[in-house]
Structure formats: structure tokens, C-alpha cells
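Let me begin by presenting the structure, written as C-alpha cells, before commenting on it.
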Amino acid sequence: MTGRAALPLLLAAAALAGCSLDYAAVQADERIADTIPDTVAIEVTHKVHEKGKLALEFEAGRTETWGAQKKMVLERVRVVQYGEDSSPATSGEARRVVDHTDTENAEVSGSVRVRSESEKAGLDAPALSWESKPKRLTAPAGAVVRITKDDGSSISGTGFSGDFRTREVSFSGPVEGSYVWSGDEQDGE
């Protein structure tokens with residue numbers, strides 16, 4: 001073998017000798033993947049139609065999907081659910097929503113506001129959690145939740161829980177408020 005032919009072989013051998021499988025880099029990439037969303041969308045509007053009518057519309061300033069973690073994170077959120085007559089039935093807004101796509105549970109935070117046209121009432125809270133299966137809305141233990149009705153009635157307190165199956169709300173902490181009686185109401189209504 002001549003010196004000229006040996007040089008490429010020596011370079012190849014030196015290069016191979018310097019190679020190693022760096023599993024730490026692969027593991028680091030996996031850890032980084034847990035901190036980077038699969039997709040990011042800015043200024044999103046999503047509309048859901050049922051039976052040819054607009055049923056739900058939501059807007060988000062930023063949306064992140066996290067497939068492996070089975071969640072979606074939305075920032076600056078507005079939601080409107082429409083009734084059978086196509087008018088807004090329920091609306092809400094919050095700074096942040098973390099939606100768990102596998103359970104349909106969610107944590108909502110940052111100036112949370114919800115309005116129900118059929119109840120002619122609204123709810124304000126710093127944060128709420130939604131549990132899909134029992135259809136329950138709760139607030140953190142010390143968070144003050146305020147419910148106001150169009151007739152002027154209002155109640156606020158801590159330890160809020162709302163059961164959407166029975167349409168009942170409760171507070172386990174201190175509560176204050178006022179009730180406006182119209183005189184039209186009868187017992188049991």
C-alpha cells in the first residue's frame with residue numbers, strides 16, 4: 001500500500017475512532033420535546049356547526065397543542081355557545097384555558113367570566129376547574145366567586161361548586177350578597 005492510499009484509510013479510521021453513540025443527547029432531545037408544543041397557532045377562531053347552524057364559536061390569541069401530554073393550552077380565550085334559535089346562550093372569557101383532551105376536564109384562569117342568557121346571570125372568578133364526567137365546576141378553596149343576576153341579586157363567597165346536572169351551586173366558605181324579590185315569585189319556583 002502506498003502512502004497516498006493509506007492516508008484516506010487512516011483518516012477514515014481516525015474519524016470512526018472518534019465516533020461514539022451519544023445517548024445523552026437523545027435523552028436531552030426527549031426532555032426538550034416535553035417543553036415544546038407540537039403546534040402553535042396565533043389568533044385562532046374555531047366554529048362548530050350542528051344541523052346546519054352555528055353551535056359554538058371560540059377565539060384564542062394563542063393555541064398550543066401537546067399531543068403526548070394530551071392537552072391543549074389556550075391564551076386570551078372567548079367562547080360563545082349558541083341556542084336553538086341561533087342567539088348566544090352562554091358566553092365566557094378567560095386569560096388561560098388548559099384543556100385535557102383525554103378527559104375533557106379543564107382548568108380556566110385569569111379574570112374568568114361566564115354569562116348564561118337563559119339564567120339571566122353571570123359568574124366572575126379568578127380561576128375555575130371543570131370536571132366533565134360529573135359536570136362539575138369548582139373554584140380553588142380561597143378564591144372569591146361572584147354570581148350576579150340581571151334583577152340585581154348577587155352573591156359572592158369562597159368554596160364554590162356548581163353541579164350542572166342538578167343546576168345547583170354551593171359555597172363552603174363565607175358568603176355574602178343580596179336577593180331581589182320581584183313579588184311575582186311563588187313558593188317552589
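Every read-out reported here was derived from the displayed coordinates using simple, explicitly stated rules and does not represent laboratory data. Just so we're clear, the structure is a prediction, and the values are computed from it rather than from any experiment. Neighbour counts are summed over all protein chains in view; Cβ atoms, including those assigned to glycine, are modelled from backbone coordinates with ideal geometry.
For this structure, a couple of remarks:
- When only the Cβ of Lys, Arg, Asp and Glu is charged (+1, +1, -1, -1), the dipole of segment 115-178 relative to its Cα centre reaches about 240 debye.
- Charged neighbours of residue 101, selected by a Cβ distance under 10 Å, balance to -1 (K, R count +1; D, E count -1).
- Other residues lying with their Cβ under 11 Å from the Cβ of residue 178 contribute a combined charge of -1, Lys and Arg counting +1, Asp and Glu -1.
- When you restrict to C-alpha pairs under 8 Å that are six or more residues apart and normalise by the size of segment 26-179, the relative contact order lands at 11 percent.
- Normalised by the number of residues in segment 128-167, the mean separation of alpha-carbon contacts (under 8 Å, six or more apart) gives a relative contact order of 41 percent.
- With a cut-off of 10 Å between beta carbons, the residues surrounding residue 134 carry a summed charge of +2, where Lys and Arg count +1 and Asp and Glu -1.
- Segment 68-189: projected area of the alpha-carbon convex hull, averaged over directions, in nm²: 9.1 nm²
- The share of alpha-carbon pairs in segment 47-99 lying farther apart than 14 Å comes to 57%.
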